[in-house]
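Working notes, structure below.
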Amino acid sequence: MEFNEMKDSVLKQILSKQLIQATISQPRAKSNEIKRIKLKPIEIKNMYHIQLEYQYERILKHENIRIEEFSSAWEKLLDDFRQIHVDFIEEKIQIQLSKKNKVMYKTEKNTSLKQVDLSHNRKKNYLLDEHTPYPFLIRLGVQTSEGKVKKQKYDKFKQINRFIEFIDDTLAYLPKDKTVRILDFGSGKSYLTFALYHYLKIEKGLDIRVTGLDLKKEVIEECSQIAKDLDYDDLEFLVGDINDYNDETAVDMVVTLHACDVATDMALARAVKWNASVILSVPCCQHELNRQLDAPGLNIMLKHGLIKERFSALATDSIRAEILNLVGYEAQLVEFIDIENTPKNILIRAYKTGGKPTHEQIEGYEQFKEMLNAQPFLENELKEYLNID
Ligand SMILES: C[S@@+](CC[C@H](N)C(=O)[O-])C[C@H]1O[C@@H](n2cnc3c(N)ncnc32)[C@H](O)[C@@H]1O
């Protein structure tokens, strides 16, 4: 096989997302400080990247390259190294290049791994270690005083960890030059509020100020006591209704987890008005649209109460995400946690971009709303931000 043919054919498989892993070694120049490079696919913000792990004499460095931009990196790798081992989904390839780029090429069928699990690749380990005692998890009853996760709290532990992964992804969107203001609406027992504080403040050392707000006085008192006992000075808990909470003018991140029905919408509306850079919201019990739905074309589905309820919930979240898109966010609906853990598993994740919606986007939104006879609470709350009838 000719050098250029080999180069193009391997690159083609990488670009078509067949890569499981690759190792590139034997630097052509003795002076090259990089001894070996490992490649693997990873997903960052829902986008496929190739991660390059550069092995130097004593240290490792990482670079994540978007798949669309990988071709030039590939050229450079072959300019600098002579040995390539690649595992693709269907085949394993070994390539040895001579100094003059004569190619020795061996391939065999890959009989082991058939699927690339990007999410697994992205984070193999929990961000909170299962065997390390965390004071907040002990106080919240998730861990025993020895730091063992209690059997009946294992789902909660998984949920907290998953949530921290999402928090970790938001780091790039948070301001670096000021105290990051974070609000958790409907914080309840505040597992996630504590987890968020622990991760951003204690593990990452960020300058943050966090408020958890909930209607339940006793629960809030208990959370306040725990925060005080743990010396979490920049974490406060307040009793109050989201709808009456007007104490802020600017907030950087708004979080809601299972805030009931339109409480989620109130929180989303607040976040938009405060110009929040990040919104993370897992809704719950969406009843609003269920009451409004009138779509004869969908009667085959909607005559079943169960389907109507699920459809309403999915349509409500889609409408919420689209409204956020229309008011300058990049909003996605992503799986919060596997469905066996909790059925309330859709996360609305939105990052502020300030982008303007296209005419087609606005029209698409209006048509969808009309088809369902939906009068979304969130649209009403954000009237002045939306350029629609
Ligand atoms: C299902 S719990 C979730 C609690 C917590 N976020 C968690 O995931 O563990 C929902 C919480 O939202 C609170 N909530 C509902 N409507 C609210 C409102 N309008 N203002 C403040 N809190 C509200 C409830 O009191 C309750 O504690």
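The values are calculated or read from the model by the stated rules, or taken from the named source; none is laboratory data. Note that this is a predicted model, so its numbers are computed, not measured. Backbone-built Cβ (ideal geometry, glycine too); neighbour counts: all protein chains shown.
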(message) Can you tell me which condition Ala172 does not meet? The list is (1) touching a residue at least 60 places away in the same chain (Cβ under 8 Å); (2) small (Gly, Ala, Ser); (3) more than 13 Å from the ligand (Cβ to nearest atom), and all the others hold.
(response) (1)
(request) Find the residue count for region 204-226, including only residues that are away from the ligand (no atom under 15 Å from the Cβ) and either closer than 19 Å to Gly141 by Cα or out of contact with any helix residue (DSSP H, G or I) (no Cβ under 6 Å at 6 or more places or on another chain) (or both). (result) 5
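Considering region 278-317 alone, what residues qualify as being assigned to a loop (DSSP other than H, G, I, E, B) and surrounded by fewer than 21 Cβ atoms within 10 Å (Cβ to Cβ)? Explain how you work it out, then say what you get.
Step one: list which residues in region 278-317 are assigned to a loop (DSSP other than H, G, I, E, B), which gives 285-287, 293-295, 303-304.
Those that are assigned to a loop (DSSP other than H, G, I, E, B) and surrounded by fewer than 21 Cβ atoms within 10 Å (Cβ to Cβ): Cys285, His287, Leu293, Asp294, Ala295, Lys303, His304.
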(message) What's the total number of residues in region 276-317 that are at pLDDT 95 or above, under 29 Å from the mean Cα position of the chain (by Cα) and over 14 Å from Ile346 (Cβ atoms)?
(response) 3
(request) Take the residues in region 175-186 that are in contact (Cβ under 8 Å) with a residue 12 or more places away in the chain and more than 14 Å from the ligand (Cβ to nearest atom), then tell me which one is surrounded by the most Cβ atoms within 10 Å (Cβ to Cβ). (result) Val180
(request) Tell me, please, whether a residue that is more than 25 Å from Asp169 (Cα to Cα), basic (Lys, Arg) and in contact with a strand residue (DSSP E or B) (Cβ under 8 Å, 6 or more places away or on another chain) can be found in region 34-52. (result) yes
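Could you check region 192-267 for strands (runs of 3 or more DSSP E) lying wholly inside it with 3 or more residues that are touching a residue at least 60 places away in the same chain (Cβ under 8 Å)?
Values: elements: 208-214, 235-239, 253-260.
Counting at least 3 such residues, we get 253-260.
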(message) Among the numbered criteria (1) touching a strand residue (DSSP E or B) at 6+ places or on another chain (Cβ under 9 Å); (2) part of a helix (DSSP H, G or I); (3) surrounded by fewer than 15 Cβ atoms within 10 Å (Cβ to Cβ), which one does Glu322 miss?
(response) (3)
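Across region 204-261, what is the total count of residues that are among the small types (Gly, Ala, Ser), surrounded by 14 or more Cβ atoms within 10 Å (Cβ to Cβ) and over 30 Å from Pro376 (Cβ atoms)?
2
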(message) Tell me whether region 252-270 contains one or more residues that are near the ligand (Cβ under 8 Å from one of its atoms), modelled with pLDDT of 90 or more and of a type outside the set (Ser, Thr, Tyr).
(response) yes
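Condition check ((1) under 18 Å from Ala250 (Cα atoms); (2) in contact with a Leu (Cβ under 6 Å, 6 or more places away or on another chain); (3) in contact (Cβ under 8 Å) with a residue 60 or more places away in the chain) across all residues:
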residue	(1), (2), (3)
Arg270	yes, no, yes
Cys285	no, no, no
Gln292	no, no, yes
Ile300	no, no, no
Leu306	no, no, no
Ser318	no, no, no
Ala321	no, yes, no
Leu324	yes, no, no
(request) Spot the failing condition for Ser145; the list is (1) part of a helix (DSSP H, G or I); (2) without any contact (Cβ under 8 Å) to a residue 60 or more places away in the chain, and only one is missed. (result) (1)
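Yes/no per residue for (1) modelled with pLDDT under 85; (2) in contact with a strand residue (DSSP E or B) (Cβ under 8 Å, 6 or more places away or on another chain); (3) under 20 Å from Ile42 (Cβ atoms); (4) surrounded by 12 or more Cβ atoms within 10 Å (Cβ to Cβ):
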{"residue": "Phe81", "(1), (2), (3), (4)": "no, yes, no, yes"}
{"residue": "Lys100", "(1), (2), (3), (4)": "no, no, no, no"}
{"residue": "Gln115", "(1), (2), (3), (4)": "yes, no, yes, no"}
{"residue": "Ser119", "(1), (2), (3), (4)": "yes, yes, yes, no"}
{"residue": "Arg122", "(1), (2), (3), (4)": "yes, yes, yes, yes"}
{"residue": "Tyr134", "(1), (2), (3), (4)": "no, yes, no, yes"}
{"residue": "Leu140", "(1), (2), (3), (4)": "no, no, no, yes"}
(message) So the check is Cβ under 6 Å with 6+ separation or different chains; which pairs have a first residue in region 32-43 that's surrounded by fewer than 14 Cβ atoms within 10 Å (Cβ to Cβ) and a second one that's in a strand (DSSP E or B)?
(response) Lys35/Gln55
(message) Condition first: near the ligand (Cβ under 10 Å from one of its atoms) and either within 19 Å of the chain's Cα centre (by Cα) or buried (at least 23 other Cβ atoms within 10 Å of the Cβ) (or both). Now tell me which residues in region 187-198 satisfy that.
(response) Ser187, Ser190, Tyr191, Leu192, Thr193
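For region 274-311, enumerate the residues that are charged (D, E, K, R) and within 16 Å of the ligand (Cβ to nearest atom).
Step one: of region 274-311, the residues charged (D, E, K, R) are 288, 291, 294, 303, 308-310.
Correct list: Glu288 only.
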